[in-house]
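What follows is a single structure, written as structure tokens, with notes after it.
Every number here is computed from the coordinates shown, using simple stated rules; none is lab data. Remember, predicted model here, so these are calculated numbers, not experimental data. Glycine gets a Cβ as well: all are built from the backbone with ideal geometry, and neighbour counts include every protein chain shown.
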Amino acid sequence: MNLLITGGAGFIGSNFVRYMVREHPDYRIVNLDALTYAGNLENLEDVEQHPGYRFVKGDVADAALMRTVLEEHTIDAIVNFAAESHVDRSIMGASEFVRTNIVGINVVLELIKGHLPRQVGGRFVQISTDEVYGSLERSGAFTEFSPLHPNSPYAASKAAADLLALAYAHTFGLPVIITRCSNNYGPHQLPEKLIPLMIANAIENKPLPVYGDGLHVRDWIHVEDHCAAIDRILHNGRTGEIYNIGAGNERTNLDVVRLILAQLGKPESLITFVKDRPGHDRRYAIDATKLRRELRWEPKHDFERGLAETITWYREHEAWWRRIVSGEYREYYRKQYEER
Ligand code: NAD
Ligand code: TYD
């Protein structure tokens, strides 16, 4: 297979590149990434020398470049991770979210429709999110039939992308599959998302900023389990379908923060309640029955153990996250937390 992975220098994308190189060493893998603030080639140092792996710096919304990549590498499947992915940044300004998440996918869909129907006869897997469904009350879980109700500009841009992709599948018969996964954790996640931010702050004895009352619930999945699900869907999923991905690990944010503090031997007095996120979704929970039944996927990582291993990874890779928190991130952190 000649596989194009877009956004493969970010958190989930780099874990997926590594996963695919390990599981399918005979595949040719092209990783195209714009290397925005979230993209980091250090995430991929261990796969750079793999003979089937190529990196291309580029923008998914650049049609000419995308066409060249598809033709030169005779790509026959695409997994699209390229996105602006952070809710808080989308609240500060959404234009990049519209450009990458919506215009970007439209460029790819047009290319595989008009120019490369033969080569891309395989699959176009769009990596979406459970956030397109909006927020849940105390009970129930999102199924693939739940109505779309995105609440943040980020979620709205992802929902728009899903609808475009499904419309192209319906109208032009493109081999599109949508995946909607819950919150991921694991190595190489930028310390602007909950778990790595809290780990980094706790290590530095800095306040741990919990939004609102801290009782918002997220449904956590280890990034390796997400990668395994995408691999399964890429090869065996039905085109035109949506697959929810989740591991059934609902925790309040406060529970997660307390686990991190306990594991690091730090006091709970570091927890600082700060002003809530505007429009903050209260609860996410995923029903992944379709994926489990149809494709026989099961998550392998226990949440508490996976979190402990993730904390160990951050302790052993301080240079990785310290380089990030000393750069552009500083200005982001000031705006996001000190002016709150
Ligand atoms: P991330 O922000 O860590 O990585 C995004 C990557 O996309 C970066 O490498 C960035 O450089 C690249 N990128 C951004 N704009 C680009 C452009 N115009 N052209 C090419 N590359 C571009 O995000 P992530 O957490 O790894 O998420 C990856 C995907 O998974 C996203 O589509 C996100 O919506 C989805 N998702 C994430 C989660 C989660 O918990 N992190 C959960 C479900 C779904
Ligand atoms: P985040 O990692 O941004 O993921 P998402 O908003 O996409 O679910 O946030 C996860 C949860 O943690 C969410 O309820 C917001 C909360 N949160 C905090 O309380 N403090 C923080 O500093 C951050 C980044 C998130």
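Miscellaneous remarks
- Hits in the range 47-61 - residues which are closer than 14 Å to residue 7 by Cβ and in a loop (DSSP other than H, G, I, E, B): 58, 59, 60, 61
- Index of the failed condition, residue 138 passing every other in (1) over 19 Å from residue 36 (Cα atoms); (2) surrounded by fewer than 16 Cβ atoms within 10 Å (Cβ to Cβ); (3) away from ligand 2 (no atom under 16 Å from the Cβ); (4) not aromatic (Phe, Trp, Tyr): (3)
- If the condition is being assigned to a helix (DSSP H, G or I) and either within 21 Å of the chain's Cα centre (by Cα) or among the acidic types (Asp, Glu) (or both), then the range 313-332 contributes 313, 314, 316, 318, 320, 321, 324, 325, 329, 331, 332.
- Counted residues, the range 59-90 - those being free of Cβ contacts under 8 Å to residues at least 40 places away in the same chain and under 25 Å from residue 180 (Cα atoms): 0
- The single condition among (1) closer than 27 Å to residue 174 by Cβ; (2) basic (Lys, Arg); (3) part of a helix (DSSP H, G or I) that residue 238 does not satisfy is (3).
- Filter result (away from ligand 1 (no atom under 12 Å from the Cβ) and under 23 Å from residue 135 (Cβ atoms)) within the range 162-194: 163, 166
Quick grid of which residues meet (1) of a type outside the set (A, V, I, L, M, F, W, C); (2) within 7 Å of ligand 1 (Cβ to nearest atom); (3) assigned to a strand (DSSP E or B); (4) within 26 Å of residue 97 (Cβ to Cβ):
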residue	(1), (2), (3), (4)
5	no, no, yes, yes
14	yes, no, no, yes
17	no, no, no, yes
25	yes, no, no, no
29	no, no, yes, no
36	yes, yes, no, yes
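- In the range 21-41, the residues that are in contact with an Asp or Glu (Cβ under 7 Å, 6 or more places away or on another chain) and away from ligand 2 (no atom under 16 Å from the Cβ): 23, 34, 39
- Residue within the range 84-91 that is under 26 Å from residue 155 (Cα atoms), within 12 Å of ligand 1 (Cβ to nearest atom), assigned to a helix (DSSP H, G or I) and among the aliphatic types (A, V, I, L, M) present: yes
- Within the range 206-226, considering residues that are within 11 Å of ligand 1 (Cβ to nearest atom) and part of a helix (DSSP H, G or I), the one surrounded by the most Cβ atoms within 10 Å (Cβ to Cβ): 226
- Filter result for residue 197 (within 16 Å of ligand 1 (Cβ to nearest atom), assigned to a helix (DSSP H, G or I), aliphatic (A, V, I, L, M) and in contact with a strand residue (DSSP E or B) (Cβ under 6 Å, 6 or more places away or on another chain)): no
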